[in-house]
Amino acid sequence: MSQGRFIAVVGPSGVGKDSIMAGIKAGLPQVRLVRRIITRPPGLGGEDYDPVSPERFDQMARAGAFCLHWSAHGLCYGIPTDVVDATRTGTDCLANLSRRALPEAAALFDRFVVLNITASPETLAARLAGRARETPAEIRQRLERAQMGFAPGGDTVTIRNDGPLPDAVASAVAALNQMTVRP
């Protein structure tokens, strides 16, 4: 049995990562959509996640509950340890990841793919304002961070999400289906 891929979905805030991931899951039902653990209050919309307090997150990290974890925008994010076993037993796992966590992820997973989602600054600004989760200053900060580059390692696929969501999802599914399966 070949190993599954760890597909790291990256891109700036407001680019549509969660929507594209949901579309990929619908188009590729065999893919596991990884549920992150986040120090964010429950019920804020967007992705499905497991909310925990910062204290609980620290306890979990010390206990080895995460194969990857990082901090960004005042929050902590964790990927459960069982994702490593899932990929080793042939399951493709799709996770929203920080660009800063890519080198660690590339070293951890044998079959590592980066799905880089992009959009124009105008599209990002409109989406961030529309979701009403950030102040204007926080939106400016996120737009500045959107320019950050990364060194992914592994295979990288870039999908532009400025147009209709179904087009971006179809491009992502097609790209993932076309990638060569390695033993």
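Derivation of every value follows stated rules applied to the coordinates shown; laboratory data play no part. Only a predicted model underlies this, so the values are computations on that prediction, with no experimental measurement involved. Please note: Cβ atoms are built from the backbone with ideal geometry, for glycine as well, and neighbour counts cover all protein chains shown.
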Of the DSSP H helices in the chain, those whose Cα atoms cover at least 18 Å axially and whose Kyte score averages -1.0 or more: 165-178
Value of relative contact order over segment 13-149, rounded to a whole percent, pairs C-alpha under 8 Å and six or more apart: 27
Ranked MET21, MET60, MET179, criterion: other C-beta atoms within 10 Å, fewest first: MET179, MET60, MET21
Ordering of 133-144, 9-20, 163-174 by burial proxy (mean other Cβ atoms within 10 Å per residue, highest first): 9-20, 163-174, 133-144
For segment 1-64 and segment 82-133, distance of Cα centres in Å: 8
Total charge dipole magnitude, segment 44-98, about the Cα centre, Cβ charges on Lys, Arg, Asp, Glu only, Debye to nearest 20: 180
Burial ordering of LEU75, LEU124, LEU115, fewest other beta-carbon atoms within 10 Å first: LEU75, LEU124, LEU115
Fully extended contour minus Cα-Cα distance, from LEU108 to ASN177, at 0.36 nm per residue: 22.6 nm
Net charge over other residues, Cβ less than 15 angstrom from the Cβ of PRO42 (K, R count +1; D, E count -1): +2
Convex hull volume per residue in cubic angstrom - Cα atoms of the chain: 109
The chain: calculated mean residue ellipticity at 222 nm from DSSP helix runs of at least 4, using -39500 (n - 2.57): -11000 deg cm²/dmol
DSSP-defined antiparallel bridges as percent of all bridges, the chain, nearest 5: 30
ARG88-ASP167 FRET efficiency (beta carbon distance; Förster radius 35 Å; 0.05 resolution): 0.55
